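**Student:** First the structure, then my questions, so here it is.
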Amino acid sequence: MARSTQREVAPVKVLILEDNRDDALLLLDALEQSGFQIESECVDNEPAFVLAIENKQWDIVLSDYQLPGFTGKRALALFREINEFTPFVLVSGTIGEELAVEIIKAGANDYILKDQLGRLKPVISRELREAAERTKSKRNESLLRQLSRAVEQTSDSIFITDVFGHMIYANPAFTLQTGYTFHTVEGQTPEFLFSSNQKFDSYFHIWQQVSHGERYRGVILCRRRDGSVFHEELSVSPLFDSENEIIHFVFTGRDISQRIEAEESRNQLASILEMTPDIVAMMEPSGPLIYLNGAGRRLLGIASNAEIAKFYIKDIFPGQVASFLSSTIIPHVYRDGAWAGETELLNARGETLPISLVVLEHKDNDGSTDYLSLIARDISERKTFEAELQHRATHDALTNLPNRFCLMERFHSSIDYATRRGDMVAVYFLDLDDFKRVNDSLGHAAGDELLKQISRRLQSSLRPSDTVARHGGDEFVIIVGDLTNLDAVMSVWSKVRKEFERPIMINAHEVYVSFSTGVAVYPHDGDSPQELLRHADSAMYTAKLAGSDQCRFYSADMQEQGREHLLLEAELRRALELQEFCLFYQPQVDAKTGKIVGFEALLRWQHALRGLVSPGDFIPLLEKSSLIIPVGEWVIREACRFHCRLRDAGFTDIRLAVNVSAFQFIDKDFYNKVHGAISDFDIPEDMLELEITENLVMKDPDNAAQILQSLQQIGVRASMDDFGTGYSSLAYLKRFPVAALKIDRTFVRDLTIDNDDAAIVEATLLVAQKLGLEVVAEGVETKAQLKHLQTLNCPFIQGFLISPPVHEDAVLVMLEQHQLLDENDWPSFSGAGA
């Protein structure tokens, strides 16, 4: 069955106000005969009429005029209160023309006499049509008012031009946006809005496009009345008349400068995020990533076109860190809004990478978590640098051994470990013997290389768990734990010592190394690293006094001795300033005649409270410190001053001998200081003698020979003190410009009862005779020793048999008395000046 294509017509809703039933039926019949499909209701009184018009919308009302209790005029008034435009037609048989006109003026649309129902169809058709037009017009007017309000109240700028572009309307938003009021620009074209920052062609293109009936949409730059420029999102639409001719243009614009700036900022931020070497990621609260910048993709090995959403944040962190992230970091972020710290992630090669991580929470307008952002920075270089700084702070730059700070940390750990296990910890304080000789003879670079090789040997001789540290200069400290007895302590030292039996090669030179070593043991010698180090240092000092390559264990009396040394050293530093030093002189005489030929100047310390301090107590302290240099210079100048006094007293041929320490001899200004002294006091040639030891010159024979030759050229002679106790050879002896040898007292003491000592003395005298050297025998205390030396033709002697060291005033008395003696009084003379 075919579907009807005719439009279904809605029935006309008719309200009939008629009190006569027959008239009402005639009216309904007439309506149907006119072809109307109707939906009707008949009422005959005012209440029913009011109820009907209030409860239903009618298309037309047909009303009689004369009704019980009220009239058609009253019905019209009630109806117009509710509905202004629906047709109201009077159908009556008694209404006159005058009354009909009155009712029409009151708002009725028409009237029909009951005997002229033939007019019903055209009247109703007309009224329904006009009612529809009135409703449409009403609706259009309402819509127009709404549109007008919208245009007036919208935040978008709207202005309208005629077909030539002259402005005929502008809404308030136009004024707010541009600063121009409509009355100031009425009739103008929009050129006043053009900005010089925008090409004019752009505006021309817009006009061309809309002039051809096309709509334009885009973004342009516009200029406000104050000259400022803004971005406008512009829409221009042509309006057409019924014949499709353009009659107006409507310009709608919106200031989107903030949006443009925001977009530019976002673009800049996006560019920055892509350019930054830091990893920037965003993730949903549930874990999947929603953004990862280029640096992150490269580092993690994720292709630039890979779908990022399939990766979870836990995928880029190691398992333990990922667990910490989910269990600690993320809850912290939800609680406080942010977390910052250091952790690790996995790079593309599966390696852990140290990073500085910041995690931030971002919320939406409802306060719920929208997403989380992560910023991670690779801190590998910083960690490496920090580790290097830490290493530098805790290790010696030259040897790469732990320094004092690291030593103390490890020492504490060793003691804590030993305390728990009941073991011992030994600390060995090593001082390199004669290191200055290597520096001065081979140079500081060679000295540095020696320290490096020593460090490597020390480490190779010990276990990895033991600690070797450079304590400073030429001092090393060894910490050894897990020791159960003192034999094990000594075994470690023996092992270290054995490691240095082989020489160290430095610039093709063989250098033999030995240490003065002090040992302290935990818990016997102390319970703290500071105390044990102090005790080991004290033991080392004792070992050094005993000679090179010695080892000493700490004992309680060493501590007291150490305190005394510290106090003595402090007072010693003030002694030169307080003029507490003085020289005593011991005569040297001709062994055959007893004639005094010279004196050895010996340093003494006249302490204000201690009295005369023994040389054995303070001379080693002078040599250990740098004081030996200024004090040694003072001794030479003081001896020269005394020689002037001797000459003034008439004793012009008396020679003075001064001891020179190794530290003085290697002082770069030593020659200048000696030359200055003999020049200042006008010392005659060979009247000043410098006593040096075998060991001193043998440390650097070439340099020693050069210095002695320079001194010889200015009239200063040299003698070799303590001859026979060192390790010089005759070949070296011949190279040195020395004038005399001094036989050490150790050989003279047992000369008369020890054949070996006697043989050494005799051999020395023979060697000196062959080399043309003078000989002075030291420590002659008995006449038997003197007689034996005379038998061996020893030319000169010195010792308590003649006189102990005496003050310079006693020297003058001694010389004056000695002038009165002759050879017949010798050797009965003894202690004339004592």
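**Student:** Put a dot 7 Å past each Cα toward the Cβ at residue 186 and residue 397; how far apart are the dots in nm?
**Tutor:** 8.7
**Student:** I'd like the carbon and sulfur percentage of the solvent accessible area for the range 394-525, probe radius 1.4 Å, heavy atoms only, ligands and nucleic acids excluded.
**Tutor:** Here it works out to 48 percent.
**Student:** Would you check the accessible area of residue 413, probe 1.4 Å, heavy atoms only, in square angstrom rounded to 10?
**Tutor:** Around 70 Å² of this residue is reachable by solvent.
**Student:** With an 8 Å cut-off on Cα pairs and a minimum separation of 6 or more residues, tell me the relative contact order of the chain in percent.
**Tutor:** Once divided by the residue count of the chain, the mean separation gives 5 percent.
**Student:** Please calculate how many Å² of accessible area the range 338-425 carries per residue, with a 1.4 Å probe and no DNA, RNA or ligand atoms counted.
**Tutor:** Accessible area per residue, the range 338-425: 60 Å².
**Student:** Which links in 13/105; 544/668; 13/136; 734/787 stretch past 21 Å when you go from one Cα to the other?
**Tutor:** Cα-Cα > 21 Å for 13/105; 544/668; 734/787; rest within.
**Student:** Identify all aspartates and glutamates with a Cα-Cα distance to residue 363 below 20 Å; exclude those on the same chain that are fewer than 8 residues away in sequence.
**Tutor:** Residue 363 reaches 284, 336.
**Student:** Please report, in debye to the nearest 20, how large the charge dipole of the range 312-464 is about its Cα centre when each Lys and Arg carries +1 at its beta carbon and each Asp and Glu carries -1 there.
**Tutor:** Around 600 debye, computed over the range 312-464.
**Student:** Same structure, new question: Output the antiparallel fraction of DSSP beta bridges having both residues in the chain, as a percent to the nearest 5.
**Tutor:** The antiparallel proportion sits near 70 percent.
**Student:** Right, another one. Taking only protein heavy atoms and a 1.4 Å probe, what accessible area per residue, in Å², does the range 641-792 have with all protein chains in place?
**Tutor:** 47
**Student:** Only helices at least 27 Å long along their own axis, judged from Cα atoms, and with Kyte-Doolittle mean hydropathy of 0.0 or greater: name those in the chain from DSSP H.
**Tutor:** Qualifying helices, which must be both long enough and hydrophobic enough, are 628-648.
**Student:** By its C-alpha gyration tensor, with a ≥ b ≥ c as the square roots of the eigenvalues, how is the range 678-815 shaped: rounded for a/c under 1.5, else prolate for a/b larger than b/c, else oblate?
**Tutor:** Oblate shape, in that a/c is at least 1.5 and b/c is the bigger or equal ratio.
**Student:** Sort 143, 656, 792 from largest to smallest accessible area, using a 1.4 Å probe on the heavy atoms of the protein chains.
**Tutor:** Result of the area sort, largest leading: 143, 792, 656.
**Student:** On the protein heavy atoms, probe 1.4 angstrom, tell me the percent of accessible surface of the range 66-208 carried by carbon and sulfur.
**Tutor:** Here it works out to 55 percent.
**Student:** I would also like to ask the following. Given a 1.4 Å probe and heavy atoms of the protein chains only, how would you sort 540, 505, 687, largest accessible area at the top?
**Tutor:** 505, 687, 540
**Student:** Determine which aspartates and glutamates satisfy two conditions relative to residue 673: a Cα distance under 15 Å, and not lying fewer than 8 residues away in the same chain.
**Tutor:** Leaving aside aspartates and glutamates fewer than 8 places away in the same chain, those within reach of residue 673 are 633, 638, 682, 689.
**Student:** Next up: Heavy-atom accessible area per residue, the range 440-491, 1.4 Å probe: how many Å²?
**Tutor:** Each residue of the range 440-491 exposes 43 Å² on average to a 1.4 Å probe.
**Student:** Right, another one. Treat every Asp and Glu Cβ in the range 1-144 as -1 and every Lys and Arg Cβ as +1, leave all other atoms uncharged, and give the resulting dipole magnitude about the Cα centre to the nearest 20 debye.
**Tutor:** Dipole magnitude for the range 1-144 comes out near 720 debye.
**Student:** Given Cβ point charges of +1 (Lys, Arg) and -1 (Asp, Glu) and nothing else, what value in debye, to the nearest 20, does the dipole of the chain about its Cα centre take?
**Tutor:** Computed about the Cα centre, the dipole is about 1000 debye.
**Student:** What does the highest-first list of 170-179, 207-216 look like by mean Cβ count within 10 Å?
**Tutor:** 170-179, 207-216
**Student:** Does the range 546-692 come out rounded, prolate or oblate, given a ≥ b ≥ c as the square roots of the eigenvalues of its C-alpha gyration tensor, rounded meaning a/c under 1.5 and, failing that, prolate meaning a/b above b/c?
**Tutor:** It is prolate, given that a/c is not under 1.5 and a/b is the larger ratio.
**Student:** Using the Cα atoms of the chain, I'd like the radius of gyration and the largest Cα-Cα distance, Dmax, both in angstrom.
**Tutor:** In Å, with Rg to one decimal and Dmax whole: 62.3, 201.
**Student:** Further question on the same structure: Go through 291, 65 and list them by solvent-accessible area, largest first, probe radius 1.4 Å.
**Tutor:** In descending accessible area the options line up as 291, 65.
**Student:** Next question. Which aspartates and glutamates, on any chain, are close to residue 383 with Cα under 19 Å apart, when same-chain ones fewer than 8 places away are left out?
**Tutor:** 278, 342, 344, 351
**Student:** Let me ask something else. With the full set of protein chains in place, find how many percent of the accessible area of the range 697-799 is carbon and sulfur; take the probe as 1.4 Å.
**Tutor:** 48
**Student:** Could you compute the FRET efficiency for residue 409 and residue 501, with r as their C-beta to C-beta distance and R0 at 45 Å, rounded to 0.05?
**Tutor:** My answer for the efficiency is 0.90.
**Student:** When only DSSP loop residues count, what trypsin sites (Lys or Arg not before Pro) in the range 47-136 have their Cβ near at most 15 other Cβ atoms within 10 Å?
**Tutor:** Answer by residue number: 56.
**Student:** Can you give me the solvent accessible area of residue 487 with a 1.4 Å probe, rounded to the nearest 10 Å²?
**Tutor:** Solvent-accessible area, nearest 10 Å²: 120 Å².
The values are calculated or read from the model by the stated rules, or taken from the named source; none is laboratory data. Just so it is clear, the structure is predicted and the values come from calculations on it, not from any experiment. Positions of Cβ are backbone-derived with ideal geometry, glycine not excepted, and every protein chain shown enters the neighbour counts. These area figures cover heavy atoms from the full protein model, side chains too; ligands, DNA and RNA do not enter into them. Shrake-Rupley method; radii C 1.70, N 1.55, O 1.52, S 1.80 Å.
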